[in-house]
Each structure stands twice: as structure tokens, then as C-alpha cells.
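Peer 1: Just dropping this structure here.
The values are calculated or read from the model by the stated rules, or taken from the named source; none is laboratory data. Remember, it's a predicted structure, so these values are computed and weren't measured experimentally. Glycine gets a Cβ as well: all are built from the backbone with ideal geometry, and neighbour counts include every protein chain shown. Side chains included, ligands, DNA and RNA excluded: accessible areas come from the protein's heavy atoms. Shrake-Rupley method; radii C 1.70, N 1.55, O 1.52, S 1.80 Å.
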Amino acid sequence: MKTHTTYFVMNTRKRQEIIDITDRLLDFLSEHPVEEGLMLVSAMHITASVFVNDHEAGLWQDIQDWLEGTIAPWDHHPAPQRQDDYLHNRTGEDNGAAHLRSLALGHEVILPITQGKLDLGPWQRVFYGEWDGQRPKRIVVKILGE
Amino acid sequence: MKTHTTYFVMNTRKRQEIIDITDRLLDFLSEHPVEEGLMLVSAMHITASVFVNDHEAGLWQDIQDWLEGTIAPWDHHPAPQRQDDYLHNRTGEDNGAAHLRSLALGHEVILPITQGKLDLGPWQRVFYGEWDGQRPKRIVVKILGE
Amino acid sequence: MKTHTTYFVMNTRKRQEIIDITDRLLDFLSEHPVEEGLMLVSAMHITASVFVNDHEAGLWQDIQDWLEGTIAPWDHHPAPQRQDDYLHNRTGEDNGAAHLRSLALGHEVILPITQGKLDLGPWQRVFYGEWDGQRPKRIVVKILGE
């Protein structure tokens with residue numbers, strides 16, 4: 001079994017941003033080819049996500065609106081059934097919502113490698129979701145296979 | 001290390017549907033036995049999910065009601081804290097909600113194989129969640145092990 | 001390729017509880033060392049989660065408040081866009097919400113092992129989320145690597 005590991009450093013211009021990393025993953029696989037195996041792609045931070053979806057800018061905005069409006073608003077809302085405050089933010093942080101967003105979307109994906117290629121569906125692309133950026137953060141990428 | 005890969009084609013009668021695929025996974029493992037390893041089960045589409053939960057029809061309806069009522073309604077709601085529109089749907093699509101449902105539940109699971117068997121808990125079953133079906137869609141299943 | 005498997009039995013004092021299991025995972029890896037590989041950590045129950053986030057007690061309470069207030073309330077709420085009842089609870093169960101919480105946060109994570117160590121970011125810790133406890137439940141932990 002072969003293994004190959006690399007790290008991507010992400011430093012987003014905006015505090016929240018969705019970035020397509022598929023081409024970088026394809027490059028890494030072509031530099032370290034395996035015929036059959038798995039590729040783990042995992043954010044090393046607790047306020048970020050890695051996920052698979054569509055390369056479509058409207059959807060990226062939908063995802064951010066959805067996280068803000070439905071899943072985990074950044075600011076405290078006095079609405080019913082919503083906490084007025086994140087306790088985490090009493091530690092001096094302001095990013096409680098970013099932690100919940102990381103949990104909702106997940107922080108890692110595992111991709112199949114078949115006949116030397118990332119075995120993705122025709123529309124599947126891999127994204128880094130930054131929920132508290134503007135500073136260097138890392139993704140670990142590990143190939144296992146033969 | 002051995003690897004075995006197959007693809008299931010799903011073509012649901014209803015646009016949204018939850019289907020238990022555990023028996024098909026067990027069959028695939030018995031045809032391609034490994035003693036110790038992992039099985040990746042991953043939807044190859046961005047409007048579908050693969051998840052582990054309970055074989056109970058009431059729960060399947062609860063999951064669909066929850067996705068529609070709480071997580072990502074199919075139609076635009078004028079309620080506060082909810083976007084009036086999915087931008088993705090302005091591309092000519094109408095399935096913005098299906099993308100968000102795929103993200104909320106995830107598109108893949110990785111299952112342990114121990115002593116030649118899928119090492120699931122007593123109630124754990126594996127499901128395909130179709131959020132925009134009535135057309136052929138694929139799941140990739142890959143076994144890695146020895 | 002080497003594989004090593006163990007099971008943790010969790011029996012929480014409270015019905016819902018978040019428990020840091022990172023040290024137990026590190027111990028298991030140091031007893032069964034591999035240089036390069038993956039570690040799967042997977043709840044064997046359909047009303048529990050395994051996830052990666054921050055060791056901070058305020059955040060753990062935020063997660064529980066969020067699950068109760070926003071994601072999947074335990075009791076039925078008459079609010080708009082929320083089912084008055086979980087159908088699953090008509091089977092004699094009362095834990096429909098715990099199933100949805102397991103789905104929302106996921107039931108497994110896969111962790112990289114690099115140069116003999118769990119390759120986690122500086123703040124990443126691994127948690128068991130019990131959503132219907134006070135009885136023995138299991139987590140399967142499997143190392144694959146070389």
C-alpha cells in the first residue's frame with residue numbers, strides 16, 4: 001500500500017468563502033498516482049468545512065445564505081427557538097456560528113480512486129468552506145492505495 | 001491490499017425517496033470477501049445522500065418532513081430568516097433545496113469490515129436518500145481490505 | 001497493511017451528553033502503532049454522533065441548545081414549518097429527535113495518521129455525542145495502515 005500526504009494552506013480574502021479545490025486534488029493525484037484507493041480531504045480547523053457539491057456561483061451564495069438564515073446565524077437572534085447568545089462567544093471569541101457551520105456541513109470527505117482517477121460523478125466538485133478566515137488555515141490530503 | 005468497486009444505478013419512482021441499500025452492500029461484500037477493511041458508499045450526484053440510520057418507515061417520513069419543514073424547503077418561503085429564493089434556481093434549475101439536503105445529510109459513509117462482515121450496530125442500516133430523482137443516478141461502492 | 005479494531009462502550013449519566021474521546025483514540029494508536037494510514041471512529045447506534053470540534057464547554061452547551069432549538073427539538077412544537085409530531089414516536093419510541101440529530105451531525109469521522117500520529121489540527125478534538133443515552137452503547141474504532 002502506498003500513502004501520500006500533502007497540506008494546502010488556505011488564506012481567504014473574505015471571512016466566509018467557498019473555494020473549489022478539485023483541480024488541486026487532481027494535480028496531487030497525478031503527481032502521486034495510485035490505481036485503486038481512497039483520498040481523504042480534511043480541514044484541520046474547527047471553523048471550516050470540506051464538502052462535495054456543484055460548481056455554480058448561485059448555489060455557493062445559497063449555501064452561505066442558508067447557513068446564515070436557517071442553520072447557524074452569525075449574530076444572536078431574539079427569535080423563538082433560537083438561543084439569544086452563543087456561550088462560546090463569552091470566551092472572547094465571536095465565531096460560535098462558524099463552529100456550528102463546520103459541524104452542519106462536516107469537515108472531511110473521502111473520495112474513491114478508481115483506475116487511476118478520482119471517481120467523481122459528472123457534476124461533483126470538492127469545496128473548502130471557510131467560515132472564519134482571513135488567516136492561514138490548513139487542509140490535509142492523504143492518498144491511500146496501490 | 002484488495003480493492004473491489006461496483007456501481008448501483010438508482011432510478012426512483014418518486015422525486016424524493018429513501019431506499020434501504022444494506023442488503024445490496026452485504027451481497028457485494030459476500031461476492032468479494034475481505035476479512036478486515038473499509039467500505040466506502042458514496043452518491044455520485046450532488047442532489048442525493050447516503051446515510052446510516054433506522055429501518056422504520058415512520059422515521060423515513062420524519063426525515064422527509066424535517067428536510068422540507070426545517071432544513072431546506074423545496075419552495076421559497078417568505079418567512080423571516082429564510083431566503084425568498086434560491087439563486088441556483090435562476091439558472092433554470094428548480095432543485096436548489098435538493099443540493100442543500102445533500103449537504104445537510106452528507107453524500108457518503110464509510111463502513112468498517114471486521115472478521116469478514118460489515119461491522120454495523122444491531123439497528124444500523126444504510127440508506128440512499130434521493131432528493132431529485134425519477135432519472136438514473138449512481139452510487140459508487142468500494143471495498144478496501146485484506 | 002495492518003488493521004486494528006477496538007470498541008468503546010459509552011454509558012452516559014445524562015440522556016444527552018458530549019464526551020471528548022480523543023485521549024482514548026491516542027492511547028489506542030500508541031498501543032497499535034502504524035506510521036501512515038487512517039482511523040475510522042464510528043458510532044454503532046442510530047441516536048448518537050461522532051464529530052470533530054473544539055474542547056470548550058460553552059460550545060458543547062451551544063451545540064446542545066442548537067440541536068434542541070434549531071435543528072431537531074425533542075418535543076413537538078406547534079411552530080410553523082415544524083411537524084407537530086414525529087411519526088417515529090408513534091412506534092412506542094420517544095427519540096425521533098435523537099435520530100435526526102445523529103443524521104445532522106453524522107455518526108462517523110475518518111482521521112488521518114501521519115508519521116505515527118493522529119494528524120489533527122491544533123484545536124481539533126474528537127467527540128462522542130450521545131442523544132439518547134443512560135444505557136451502554138458502542139463506538140467501533142478501526143486503524144488501517146502500515
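Peer 1: Would you check which residues across the range C:133-146 are open to solvent by 10 Å² or more (accessible area, probe 1.4 Å) and assigned to a loop (DSSP other than H, G, I, E, B) and list them?
Peer 2: Across the range C:133-146, the qualifying residues are C:GLN134, C:ARG135, C:PRO136, C:GLU146.
Peer 1: Can you tell me how many residues within the range B:86-116 are on the phi > 0 side of the Ramachandran plot and facing chain A (nearest Cβ under 7 Å)?
Peer 2: Residues of the range B:86-116 that are on the phi > 0 side of the Ramachandran plot, as a first pass: B:92, B:106, B:115-116.
Still in the list and also facing chain A (nearest Cβ under 7 Å): B:106.
Within the range B:86-116, residues that are on the phi > 0 side of the Ramachandran plot and facing chain A (nearest Cβ under 7 Å) number 1.
Peer 1: Just to be sure before I move on: is B:LEU26 hydrophobic (A, V, I, L, M, F, W, C), surrounded by fewer than 18 Cβ atoms within 10 Å (Cβ to Cβ) and under 22 Å from C:LEU144 (Cβ atoms) in the structure I sent? Talk me through it step by step, then tell me what you get.
Peer 2: Details: hydrophobic (A, V, I, L, M, F, W, C): yes; surrounded by fewer than 18 Cβ atoms within 10 Å (Cβ to Cβ): yes; under 22 Å from C:LEU144 (Cβ atoms): yes.
Against the criterion (hydrophobic (A, V, I, L, M, F, W, C), surrounded by fewer than 18 Cβ atoms within 10 Å (Cβ to Cβ) and under 22 Å from C:LEU144 (Cβ atoms)), B:LEU26 qualifies.
Peer 1: In this structure, does B:THR47 turn out to be in contact with a Lys or Arg (Cβ under 9 Å, 6 or more places away or on another chain), polar (S, T, N, Q) and within 14 Å of chain A (Cβ to nearest Cβ)?
Peer 2: Yes: the conditions hold for B:THR47.
Results for (1) open to solvent by 40 Å² or more (accessible area, probe 1.4 Å); (2) over 30 Å from C:ARG90 (Cα atoms); (3) in contact with a helix residue (DSSP H, G or I) (Cβ under 7 Å, 6 or more places away or on another chain); (4) basic (Lys, Arg), shown as yes or no for each residue.
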site: B:LEU59; (1), (2), (3), (4): no, no, yes, no
site: B:ASP75; (1), (2), (3), (4): yes, no, no, no
site: B:GLY96; (1), (2), (3), (4): no, yes, yes, no
site: B:ALA104; (1), (2), (3), (4): no, no, yes, no
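Peer 1: Considering only residues that are more than 22 Å from C:LEU100 (Cβ to Cβ) and more than 8 Å from chain A (Cβ to nearest Cβ), look in the range B:63-85 and name the one that is modelled with the highest pLDDT.
Peer 2: B:ASP85
Peer 1: Can we say B:GLU130 is among the acidic types (Asp, Glu) and open to solvent by 10 Å² or more (accessible area, probe 1.4 Å)?
Peer 2: no
Condition check ((1) open to solvent by 50 Å² or more (accessible area, probe 1.4 Å); (2) of a type outside the set (Asp, Glu); (3) more than 20 Å from B:ALA104 (Cα to Cα)) across all residues:
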residue	(1), (2), (3)
B:THR6	no, yes, yes
B:MET10	no, yes, yes
B:GLU36	no, no, yes
B:SER42	no, yes, no
B:HIS45	no, yes, no
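Peer 1: Still on this structure, I have one more. For the range A:82-104, check the following and say yes or no: at least one residue is under 16 Å from the mean Cα position of the chain (by Cα) and of a type in the set (Lys, Arg).
Peer 2: Yes, that holds for at least one residue.
Peer 1: Please give the number of the condition C:THR114 fails out of (1) surrounded by fewer than 19 Cβ atoms within 10 Å (Cβ to Cβ); (2) modelled with pLDDT of 95 or more; (3) more than 23 Å from A:GLU108 (Cβ to Cβ).
Peer 2: Here C:THR114 meets the rest and fails (3).
Peer 1: Related question: Does the range C:129-142 contain any residue that is touching a helix residue (DSSP H, G or I) at 6+ places or on another chain (Cβ under 9 Å) and facing another protein chain (nearest Cβ under 7 Å)?
Peer 2: no
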